[in-house]
1. Specify which of the listed residues (VAL113, VAL100) is over 20 Å from PHE4 (Cβ atoms) and open to solvent by less than 40 Å² (accessible area, probe 1.4 Å).
2. Among the numbered criteria (1) touching a Lys or Arg at 6+ places or on another chain (Cβ under 6 Å); (2) at pLDDT 95 or above; (3) closer than 30 Å to GLY176 by Cα, which single criterion is violated by ARG16?
3. Do we find that ALA152 is modelled with pLDDT of 90 or more, open to solvent by less than 20 Å² (accessible area, probe 1.4 Å) and in contact with an Asp or Glu (Cβ under 6 Å, 6 or more places away or on another chain) in this structure?
4. Evaluate segment 69-81: report whether one residue or more is of a type outside the set (S, T, N, Q), at pLDDT 95 or above and over 27 Å from PRO232 (Cβ atoms).
5. For segment 184-211, what are the residues that are closer than 19 Å to ILE128 by Cα and buried (at least 20 other Cβ atoms within 10 Å of the Cβ)?
6. For segment 35-84, give me the residue count where each residue is more than 26 Å from GLU217 (Cα to Cα) and open to solvent by 50 Å² or more (accessible area, probe 1.4 Å).
7. Having 1 or more residues that are modelled with pLDDT of 90 or more is the bar; report the helices (runs of 4 or more DSSP H) wholly within segment 161-249 that clear it.
8. Which of the helices (runs of 4 or more DSSP H) found entirely inside segment 10-123 contain at least 3 residues meeting this: under 28 Å from HIS240 (Cα atoms)?
Amino acid sequence: MILFPAIDLKDGQCVRLKQGDMATATIYNDDPAAQAKAFEDQGFEWLHVVDLNGAFKGQSVNSAAVGAILKATKNPVQLGGGIRTIAQIEDWLDRGLARVILGTVAVRDPDLVRQACKAFPGKVAVGIDAKGGKVAVEGWAEASSLGVIELARKFEGAGVTAIIYTDIDRDGVLTGINWDATIDLADAVSIPVIASGGLASIADIVRMTMPDARKLEGAISGRALYDGRIDPAEALAILHGRPVAEAKS
């Protein structure tokens, strides 16, 4: 079970949004590379990065910041936001990404996702962001008519390495992950699912260890880590089955 710390990039800075609204951005660090290294030093083993500007624009915008992050950490990095073509996927993987996350293009052109999975096995994840149970695209600015499970099932057998499922209504507002919808999705497909949106406290970390959640690959945490609501050592000890006191000593 993996806890993915999140770095969301807006104008080269590390920020968090509320429910995907760019106007609500809170700046947590103006040095994303230093933040990436800090997460590594805290014991995290992966990093989740989103190019927020890129998600809205449809092409990578924070490339320099992502490049600096890749140089600063030894941890594998997954990146989403504005990645829409095979050429962009290849470029990012060549630059050292562990995997790319395809969101809008997964709705607009699912065949491209399948093509990418064949060309870059084990390197392609799909991001499914939902509002009111329907998939949203273009940086969450537009709603589609697709249901979450309906979209996910389009990629069964395609080689997608993971689905990152985000409940937009809960993202950045610390109300807890939508466990029911996340686990329903994990039950409906064979592709590993990563929970995202609303992780609020150690209670959510403990929830990840419950039997029905163990099928998940993990969960993403942003604001709760930055605000100090989750202690990294305690969270990682719980997920790894270690005594919490030992992890903090």
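1. On the way: VAL100 fails: over 20 Å from PHE4 (Cβ atoms).
Step by step, each of VAL113, VAL100 is checked, and only VAL113 is over 20 Å from PHE4 (Cβ atoms) and open to solvent by less than 40 Å² (accessible area, probe 1.4 Å).
2. It fails just one condition, (2).
3. Values: modelled with pLDDT of 90 or more: yes; open to solvent by less than 20 Å² (accessible area, probe 1.4 Å): yes; in contact with an Asp or Glu (Cβ under 6 Å, 6 or more places away or on another chain): no.
No: the conditions fail for ALA152.
4. The answer is no, given that none of the residues of segment 69-81 is of a type outside the set (S, T, N, Q), at pLDDT 95 or above and over 27 Å from PRO232 (Cβ atoms).
5. Here is the first cut: in segment 184-211, the residues closer than 19 Å to ILE128 by Cα are 184-199.
Passing the criteria: LEU185, ALA186, ILE191, VAL193, ILE194, ALA195, SER196, GLY197, GLY198, LEU199.
6. Residues flagged as more than 26 Å from GLU217 (Cα to Cα) and open to solvent by 50 Å² or more (accessible area, probe 1.4 Å) within segment 35-84 amount to 5.
7. In segment 161-249, 179-188, 202-208, 223-226, 232-240 are the helices (runs of 4 or more DSSP H) which contain 1 or more residues that are modelled with pLDDT of 90 or more.
8. 32-41, 63-72
The values are calculated or read from the model by the stated rules, or taken from the named source; none is laboratory data. From a predicted model like this one, the values you see are computed outputs, not experimental measurements. Glycine gets a Cβ as well: all are built from the backbone with ideal geometry, and neighbour counts include every protein chain shown. When the accessible area is computed, the model is the full protein with side chains, heavy atoms only, and any ligands, DNA or RNA have been set aside. Shrake-Rupley method; radii C 1.70, N 1.55, O 1.52, S 1.80 Å.
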